[in-house]
Amino acid sequence: MNENVAEFLRRLILKIPVSEMKTILKSWDFLSDEQLQTINLKQRKEFLAQEVILLCEEKCASLDDMALLDIVYTQHCRHQKLWNVFQMRKEPGEDVDLFDMRQFQSSFKKILQRALKNVTVSFRVDEKSAVWIRVAWGSQSSQPNQYKPTFVVYYPQTPYAFISPCHLKSTVPLLHQALKVATKHHHITQMVLRSRHLDSLKAIAFREYDQTFERHDSSMPVQEASLGLDVNLDSMIIHENAEEKERIQRVTRETFGAYPQPQLEFAQYKLETKFKSARSGGILADRKEPLRCLIKFSSPHLLEALKSLAPAGIADAPLSPLLTCIPSKKMNYFKITDK
C-alpha cells in the first residue's frame with residue numbers, strides 16, 4: 001500500500017464518527033471480523049487511523065478499496081452533502097429498456113475514460129438497489145483528486161439521478177453524457193429541487209412521500225396526529241372557536257395529507273415585478289427596471305413547519321399554494337414574475 005493510499009485512508013478514518021466506525025468498516029466488507037475485533041475505539045483518532053492502516057496494509061489495500069470505503073461512508077452520512085435532482089427523458093414513443101448492471105457500469109466508465117485520461121470511477125449497489133457512483137476527477141496532466149469526488153445516486157429504470165456538486169464545472173457536461181448513454185436516455189435537465197436529505201428528495205421525485213413517510217400513531221386522535229402537534233399545547237394555541245379549529249384542521253389535512261412530510265431545509269422565491277399604480281408620476285412609477293427581491297424560508301424541517309403554521313394560529317388557512325405546492329411541483333426554487 002503506497003503512501004497516497006495510506007494518506008487517503010487516514011483522512012477517511014478521521015472523518016468517520018467513532019460511533020459509526022465499526023458499522024461503516026463492517027459494511028465496507030474489506031477487513032475480516034477478526035481484524036475488526038482487534039480495533040481499539042477508545043483511543044485518539046490519529047492512533048486509531050494508524051491501527052486501521054496497518055490492518056489494511058496486511059491485505060494490500062488499493063486505491064479502489066479506499067474509493068469503496070468512501071462510498072460506504074457517504075451512504076451512511078449522505079445527509080451531510082447537498083444533492084441536486086436531475087431528470088432524464090427518452091424520445092417520444094421509445095420503450096423502457098431492461099436494465100443490465102454490468103452494461104451500465106461499463107458504458108458509464110467508458111464515456112468518462114475516453115474523454116478524460118485521469119479519472120477514477122467506482123460503483124456500489126445499496127440494499128435498495130440504488131447504484132452509487134463515485135467519480136474522482138483529474139485532467140490530462142494531473143491525477144484524480146480523491147478528496148473532491150462527485151457522487152451520483154441512480155435508481156435503475158427510473159428517469160431520476162441525484163448528484164452532489166462537481167468542484168470542476170467543466171466536468172458536468174461529461175458526467176451528464178455518461179449518465180445519458182449508460183441509462184439509454186437522450187436528454188437530461190436539472191430540476192429546481194435540492195436538499196441535503198437524499199431520502200426526501202427521492203420521495204418527492206418518485207411521489208412516494210404519502211406512502212414511504214406514512215406512520216400513524218393509533219394512540220393519538222387523527223386530527224392531532226395529522227398535524228404533528230402536542231395535545232396539551234394544542235388547546236392553548238389554537239383558536240378557541242371549535243368550528244374554526246375544525247376547519248383549520250380539515251384544510252391543513254387536505255393540503256398536506258395525514259402523514260409526515262418529506263424533509264427539506266429551505267425554499268427560495270425570486271420576485272420580479274413592475275410597479276403598478278393608477279397615479280401618474282413618482283419615482284417607482286417612472287422606473288423602467290423591474291423590482292426584484294429574494295425571499296428564502298429555512299427550517300430544519302420546512303414542510304412540517306409550514307404545516308403547523310395555521311393550526312398554531314400564525315397564518316390563515318389555507319396557506320398560499322406557493323408554499324404548499326413544493327412536493328407536487330417537485331421544486332423548492334421559484335421565480336415569480338408578472339403575467
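Quick look at the numbers
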| item | result |
| --- | --- |
| Solvent-accessible area, 1.4 Å probe, carbon plus sulfur percent, for the chain | 51 |
| Extension gain (nm, one decimal) between residue 79 and residue 268, 0.36 nm per residue minus Cα-Cα | 66.1 nm |
| The chain, helix-only ellipticity at 222 nm - DSSP H runs n ≥ 4, -39,500 (n - 2.57), divided by all residues, nearest 500 | -12000 deg cm²/dmol |
| Accessible area per residue, Å², the chain with all protein chains present, probe 1.4 Å | 56 |
| Two-site label geometry, residue 3 and residue 329: point separation in nm, points 7 Å out along Cα→Cβ | 5.5 |
| Projected-area average for segment 43-84 over all orientations - Cα convex hull basis, square nanometres | 4.1 |
| Cα-only Debye scattering, the chain: base-10 log of I(q)/I(0) at q = 0.08 Å⁻¹ | -0.55 |
| Filter on 42/169; 276/307; 81/288; 45/307; 245/329; 45/110 - keep pairs with C-alpha separation over 31 Å | 42/169; 276/307; 81/288; 45/307; 45/110 |
| Sparse-neighbourhood loop sites, trypsin sites (Lys or Arg not before Pro) in segment 1-88 - DSSP loop, at most 10 other Cβ within 10 angstrom | 42, 44 |
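The values are calculated or read from the model by the stated rules, or taken from the named source; none is laboratory data. Since the structure is predicted, the reported quantities are computational estimates derived from the model, not experimental observations. All Cβ positions, even for glycine, are placed from backbone atoms using ideal geometry, and neighbour counts span all protein chains on display. The area values use the complete protein model at the heavy-atom level, side chains included, leaving out ligands, DNA and RNA. Shrake-Rupley method; radii C 1.70, N 1.55, O 1.52, S 1.80 Å.
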